[in-house]
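The values are calculated or read from the model by the stated rules, or taken from the named source; none is laboratory data. Being a predicted model, the structure only gives us computed values, none of them experimental. In this analysis, Cβ positions are derived from the backbone assuming ideal geometry, glycine residues included, and neighbour counts consider all displayed protein chains. These area figures cover heavy atoms from the full protein model, side chains too; ligands, DNA and RNA do not enter into them. Shrake-Rupley method; radii C 1.70, N 1.55, O 1.52, S 1.80 Å.
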Amino acid sequence: MTQHFEANFDGLVGPTHNYAGLSYGNVASLNNASALSSPKQAAKQGLKKMKALADLGLVQGILAPQERPDVNSLRRLGFSGTDADVLFAAATQAPAIFQACCSASSMWTANAATVSPSADTKDGKIHFTPANLTNKFHRSIEPQVTGNILQATFNDDRYFSHHQHLPDNDHFGDEGAANHTRLCNAYGEQGLEIFVYGKHAFDNSKPAPTKFPARQTIEASQAVARLHGLKDENVVYIQQNPALIDQGVFHNDVISVGNQNVLFYHQQAFLDSASVLQQIRQKFGDKDLHLICVNSDEVSVQDAISTYLFNTQIVTLADGHMAIIAPSNCQENQAVSHYLAKLVEQNTPIKEVKYFDVKQSMRNGGGPACLRLRVAMTEQERAAVNPNTLMNDKQFDTLNHWVDKHYRDELSVDDLRDPQLLVESRTALDQLTQILQLGAVYPFQQV
Ligand SMILES: NCCC[C@H](NC(=O)CCC(=O)O)C(=O)O
């Protein structure tokens, strides 16, 4: 194990994983509204990916899911009585709001927070800011508990600094690491943090999408950079191509991904691409940099969206080479699998593609990269992480048994109002907090 590395913290799929068609602008989410889901299969697909990455020699962590249905939010909205009364009243009187309060969406931890490693920050700590996710109601109810889970996972203030999420308003819409990537020579060295935003909130003269919403503002990105104590010369802000947001690229990680000295992106990903790339080259400095651009005639934007070619994880293996962790959907598409087969033969650090079946997540618009939060760290910092949240053979077995015991094979949207499902989920999550030793992170544990 080298002294500096990047860990991936994947979101564990919760016991009420479901498809509710909640994300306007996210094509897969809309197309699969009300499809039957399999929470057990989804959780196991996720665990398998985590274990496979741990077996590759990478540091792999686990982030706990949220409590859903979110009875607390429903009570804030005026539903009252016993928990069963709240579920029944909300599901019958306001089914759309009820479904939003049942969303599976915390599994996509690329939206949990923005993370800046200690090599980049003024005080030399790793900084975390949970994303406020204001653009979608079903996601805007995540940040408080996300913050609790992050603090219980990275629970040593000598090394980790946790911020409150940005003010809950569209002007500061923040979607976390899905719109943030970091280039560096080696993980432990000062890096270049790239923030990608969809619109300017305080300047209407600037370009913006017209059909689907831009979820991230430049003002939010700048606030996170300030909170994390980043230096201007090591930050680049890029506007996402608004035309692509209108085609369904709702986060930057649907159209570009970076790792160390590689930026892998689609030709149409950014607005003013030439000047953006110039800025990156200039700020990255005189080091070996691979800007891998995929042209539209090699892979269309539509194919990139349906296969999630860019929602792949590029990971550095022990021998220094990189591998792409791709969803099996990429393998099933001729243009994309052909492109990937060619890519690994070229003169870039990427030498291998590994395919994973994450279809339960893909149906909601989340690929391998959405499922993980990256934390570049040193060995000393890793030693300060709550050890129970790190994947190994024992935790893999324990969590698979836990899923087998508590998760249903199949779930329909109608099942979500079943008070027995709430009891099952709370029992499962209560036990999970013991397995991961998180303490009382959920509202139901705090009463
Ligand atoms: N980074 C991937 C995020 C996917 C997520 N999907 C959702 O919330 C869909 C949930 C539903 O439709 O049931 C989103 O769009 O934010």
Flag for Ala89 being free of Cβ contacts under 8 Å to residues at least 12 places away in the same chain, under 23 Å from Gly173 (Cα atoms), assigned to a helix (DSSP H, G or I) and more than 9 Å from the ligand (Cβ to nearest atom): no
Segment 1-36, residues that are of a type in the set (Gly, Ala, Ser) and more than 9 Å from the ligand (Cβ to nearest atom): Ala7, Gly11, Gly14, Ser34, Ala35
Inter-residue pairs, beta-carbon under 9 Å, first touching a residue at least 40 places away in the same chain (Cβ under 8 Å) and open to solvent by less than 10 Å² (accessible area, probe 1.4 Å) and in segment 182-198, second among the acidic types (Asp, Glu) and in a loop (DSSP other than H, G, I, E, B), 6+ apart: Cys184/Asp120; Gly191/Asp120; Leu192/Asp120; Glu193/Asp120; Gly198/Glu175
Residues that are in a loop (DSSP other than H, G, I, E, B) and touching a residue at least 40 places away in the same chain (Cβ under 8 Å), drawn from segment 66-83: Gln66, Glu67, Arg68, Pro69, Asp70
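Residues checked against (1) buried (at least 17 other Cβ atoms within 10 Å of the Cβ); (2) in contact (Cβ under 8 Å) with a residue 12 or more places away in the chain; (3) assigned to a helix (DSSP H, G or I); (4) within 24 Å of the chain's Cα centre (by Cα):
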position	(1), (2), (3), (4)
Asp404	no, yes, yes, no
Asp409	no, yes, no, no
Asp414	no, no, yes, no
Gln420	no, no, yes, no
Arg426	yes, yes, yes, yes
Asp430	no, yes, yes, yes
Ala440	no, no, no, yes
Phe444	no, yes, yes, no
Output for segment 341-382, where each listed residue is away from the ligand (no atom under 16 Å from the Cβ), farther than 11 Å from Thr312 by Cβ and open to solvent by 40 Å² or more (accessible area, probe 1.4 Å): Ala341, Lys342, Glu345, Gln346, Asn347, Lys351, Glu352, Asp357, Glu379, Gln380, Arg382
Among the candidates Phe137, Phe160, Phe128, residue that is among the hydrophobic types (A, V, I, L, M, F, W, C) and within 14 Å of the ligand (Cβ to nearest atom): Phe137
Residue count for segment 255-275, restricted to those that are without any contact (Cβ under 8 Å) to a residue 60 or more places away in the chain and either under 22 Å from Val353 (Cβ atoms) or surrounded by fewer than 19 Cβ atoms within 10 Å (Cβ to Cβ) (or both): 9
